[in-house]
Amino acid sequence: MAVRWKHLVVALILGAALCTAAAAKTLRVSLHSDLKIVDPVWTTALITVNHGYMIYDTLFALDEKLAVKPQMVDRYDISADKLTWTFMLREGLAWHDGAPVTAEDCVASLKRWGARDAMGQKLMSYVAELAASDAQTIRMTLKEPYGLVLQTLAKPGASVPFMMPQRVAETDPQKQITDYTGSGPFIFKVDEWRAGEKAVYLKNPKYKPRGEPASGLAGGKIAKVDRVEWIWIADSQTQVNALINNEVDLLEAPPHDLLPLLAEDKNIELFVFNPSGRQNALRFNVLHKPFDNPKIRLAVAYALNQKDLLDAVIGNARWYVECKSLFPCGSPLQSTRGWDDKFTSDFAKARALLQEAGYDGTPVVLMQSTDIASLSNLAPVTKSLMEKAGFKVDLQAMDWQTLVTRRTKKDPPRAGGWSAFLTSWASVDILDPVAASFLNASCEKATFGWPCDTEMEKLRDAFSKETDPAKQKALAEAVQLRLLDYPTHLPLGQYVQPQAFRKNVSGLLAGPSLALWNIEVK
Amino acid sequence: MLGYILRRLLATLPVMLIVAVFVFLMLRLTPGDPAAVIAGDNANSEQVAAIRNSLGLDQPIFTQFFIWFGNILRGDFGESYFFKKTVAELITSRLEPTLALSLATIVIAVAVAVPLGVLAAYRQGTLIDKIVMGFSVLGFSVPVFVIGYSLIYLFAIKLNWLPVQGYQRIGDGFGGFLQRLILPSVTLSVIYIALIARMTRTSVLDVMGEDYIRTARAKGQVEVKVLFKHALKNAAVPIVTVIGLGVALLIGGVVVTESVFTIPGLGRLTVDAVLARDYPTIQAVILLFSFVYVLINLLVDLAYTLFDPRIRY
């Protein structure tokens, strides 16, 4: 009888072990937004970029040090005249439906993306011919040398040049795709996608990762869980409660004021996956008084200081850095040249500049978004500092969606227009003078604010054609100095967004965008 | 009776027309542009304009209205700008969580509030009456989200009895469905309990001095029977009215409760749609809520005949 009992116990233990081994590993994450639009070329929404990295792959990618590395590309050649670029795809790449990834697919993908994305459009304006030489080889012929080919193909911010099958990539760029076949490490489970509730991804068993270790968005993308669930929790307090109660494994963007609550829990860790973080910025509308005068715009740089602004929205100095550089601190083009005496709340200097510029007391219509925690306190602090320097400021509160609509209006501030607003963007979106859209000073073609400066445009153009990194750095510094003569916007400090995860999760990758491969759940 | 119901249903048509015009104009006059939201923060003006054109938002406002209203008359509420589903599909998929939450809330509220109100009336002026009325004042005063967070803290985080958030469809298992419904429905029922208990107390007090109550007692009926058979039945008309009118409160409460507890219902859909300026969805949801409200008023009126035979239609 005793022997039978022993057999039973052993059988139960073995059974339990087998069940555990066979149990699918699921990673439950709560991201910053709900996934509603799933075409990463059609929208620039960040959540759709995150979705893109789950199911698509890219020709090149940035590693954790923001260096460009080949991803789907095995090797590439550049002709001596720097006009012909040849990209050879890795062997064995396949779409989720099993079909091989071909150069034709990639050419079609690049063309669709290049029709919509600003940096893609810039690259395409230099392209004379983009074609597939054979099934594995893409050939790009340029009209003249362009210094940002690889940076453009590896860009991690919206819109990312994700590769799609040719049949999908031939969709009109103005229409959304309806076929979500990719070649990335996860497969989108369309039948389980409930917008407003959750999105589900399954491990792609056919994915062929690179041999190098994973680093940022580059290297071997190995999916170590069978299933990833994006659970949409709109309320940030509920997100935190759900993590504490083990209902989710990872929070992408817990608000900074709730971080102490998470830090107290012994089952939870904080991790900053994107050390370059985000940069706050003040954008000027140069069409109308008072900011039609560059000197008045420069006076704002003297009136403000980054510490007060960062304290108002982030609070804990552990999560922010004062950065008197146009390009992100920690990035290759970081420089403080010419900017050391700015952002010091030197009100005397600001007043002197206002007097010199003949400021007549025209009120600055400053738009304040009230529904985004990381932005809402920036405007009142800005108003207070500007008023101390002698500005008249009309602070107008509104929700972010109203602000993004109003910022497109060119009307005078009194007639429903605006003078300035505050925003933030991912540092990886502003790594150089071409990528940073606020530096576009091409008048009517520039983004809202409509700066108009031929000198700035010459510098940006020269940067885009330059292929020598040292000369690129010098040109970036020239852009930074030019901004003092013609301010298009002001950088107002950098902060990082920590992620919170339960300690049964490991393998999170640092990098320019959220990567959910390489993560294990115990 | 049938003629009355038909007349009342016909009378909803002009009401719905006014609601439709009002909602449409309100949305178009509210600042914000769905095209800018769809395009994302990094989009340029050309991309936003292209999306606006594809959605028909660049057409004159009257053209937009007549296209939308014409489609509604054909039963087509349009397609959500964001979810890429027809609004009808979207609402259908979000109906179950909201219906479940609303019904559970009403059941809890009536089951708790009516006996409490009767008890408070029966024990008028005693400590019990003061406690019930004190709770009633508190229930009105404390915001729904504060009640929600407090219950989450106690029952989910500290005691670990119930989940913090989420919803399980009834088809995926009744146990899980019930487990995830308890906290939100209790949260939402607090304000409703406060309202109904107060009205029940007042109505029962009004009838307690009537001759038929004295007669029932004189016949030797037990107090429970006197209270629930004679007093409550005669006090029911204002109580039913309050339950019906309270649906408006419920709609507002559903929006907050679904956000706090991450329930993918119509309340959450309304918030998402408003934040994103998803016009077709907002318009359809508000029309639906209005229609439900009108319908409940009709049902309340019909219910009067059950409690008071003198009322005839």
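Candidates are the residues of the range A:390-402 that are more than 9 Å from chain B (Cβ to nearest Cβ) and of a type outside the set (Val, Ile, Thr); the one that is nearest to the chain's Cα centre (by Cα) is A:397.
Being hydrophobic (A, V, I, L, M, F, W, C) and modelled with pLDDT of 95 or more is true for just one of A:400, A:418, A:425. Which residue is that? Before you say what the answer is, go through the steps one by one.
Values: A:400 fails: modelled with pLDDT of 95 or more; A:425 fails: modelled with pLDDT of 95 or more.
Being hydrophobic (A, V, I, L, M, F, W, C) and modelled with pLDDT of 95 or more holds for just one of A:400, A:418, A:425, which is A:418.
The numbered conditions (1) within 14 Å of chain A (Cβ to nearest Cβ); (2) more than 24 Å from the chain's Cα centre (by Cα) are all true for residue B:7 except (1).
For the range A:250-265, a residue qualifies if it is surrounded by fewer than 23 Cβ atoms within 10 Å (Cβ to Cβ) and within 14 Å of chain B (Cβ to nearest Cβ), and the qualifying residues are A:258, A:261, A:262, A:264, A:265.
Wholly within the range A:46-162, which helices (runs of 4 or more DSSP H) include no fewer than the required count, namely at least 1 residues that are within 14 Å of another protein chain (Cβ to nearest Cβ) and modelled with pLDDT of 95 or more? Don't jump to the end; show me each part of the working.
Details: elements: A:46-55, A:103-116, A:118-126, A:149-153.
In the range A:46-162, the matching helices (runs of 4 or more DSSP H) lie at A:46-55, A:103-116.
Here residue B:66 does not qualify as in the same structural domain as residue B:201 (by TED's automatic domain parsing), in a helix (DSSP H, G or I) and out of contact with any Gly (no Cβ under 7 Å at 6 or more places or on another chain). Within the range A:238-279, can you find the residues that are in contact with a Ser or Thr (Cβ under 8 Å, 6 or more places away or on another chain) and of a type in the set (Phe, Trp, Tyr)? Listed by number, the list is empty, since nothing qualifies. Every listed requirement among (1) within 14 Å of chain B (Cβ to nearest Cβ); (2) in contact with a Cys (Cβ under 8 Å, 6 or more places away or on another chain) is met by residue A:452 save one, (1).
If the condition is being surrounded by fewer than 24 Cβ atoms within 10 Å (Cβ to Cβ) and either over 20 Å from residue B:269 (Cβ atoms) or more than 9 Å from chain B (Cβ to nearest Cβ) (or both), then the range A:226-239 contributes A:226, A:227, A:229, A:236, A:237. Applying the criterion of being more than 8 Å from chain A (Cβ to nearest Cβ) and touching a Leu at 6+ places or on another chain (Cβ under 9 Å) to the residues of the range B:143-160, the residue that is surrounded by the fewest Cβ atoms within 10 Å (Cβ to Cβ) is B:155. Note on the range B:180-203: among residues that are more than 12 Å from chain A (Cβ to nearest Cβ) and over 24 Å from residue B:239 (Cβ atoms), the one that is surrounded by the most Cβ atoms within 10 Å (Cβ to Cβ) is B:181.
Going through the range A:425-435 one residue at a time, which ones are small (Gly, Ala, Ser) and surrounded by 22 or more Cβ atoms within 10 Å (Cβ to Cβ)?
Residues satisfying the conditions are A:426, A:427.
Just to check your reading of the model, which residue among A:340, A:311 is more than 21 Å from residue A:436 (Cα to Cα) and part of a loop (DSSP other than H, G, I, E, B)?
Working: A:311 fails: part of a loop (DSSP other than H, G, I, E, B).
Matching residue, one of A:340, A:311: A:340.
Can you name the residue in the range A:406-423 that is of a type outside the set (D, E, K, R) and surrounded by 21 or more Cβ atoms within 10 Å (Cβ to Cβ) and, of all such residues, is nearest to the other protein chains (Cβ to nearest Cβ)? Steps first, answer last, please.
As a first pass, look at the range A:406-423 and keep what is of a type outside the set (D, E, K, R): A:408, A:412-413, A:415-423.
With the extra rule that they be surrounded by 21 or more Cβ atoms within 10 Å (Cβ to Cβ), the set shrinks to A:413, A:418-423.
Numbers: A:413: 15, A:418: 12, A:419: 17, A:420: 17, A:421: 12, A:422: 13, A:423: 8 Å.
Among residues in the range A:406-423 that are of a type outside the set (D, E, K, R) and surrounded by 21 or more Cβ atoms within 10 Å (Cβ to Cβ), the one nearest to the other protein chains (Cβ to nearest Cβ) is A:423.
Annotation: of all residues in the range B:28-54 being under 33 Å from the mean Cα position of the chain (by Cα) and surrounded by fewer than 18 Cβ atoms within 10 Å (Cβ to Cβ), the one that is nearest to the other protein chains (Cβ to nearest Cβ) is B:31.
Filtering the range A:439-478 to residues that are buried (at least 18 other Cβ atoms within 10 Å of the Cβ) and part of a loop (DSSP other than H, G, I, E, B) leaves A:440, A:441, A:446, A:447, A:448, A:449, A:450, A:451, A:453, A:466.
The values are calculated or read from the model by the stated rules, or taken from the named source; none is laboratory data. A quick note: this is a predicted structure, and the numbers were derived from the prediction, not measured. Glycine also receives a Cβ, built like all others from the backbone with ideal geometry; neighbour counts cover every protein chain displayed.
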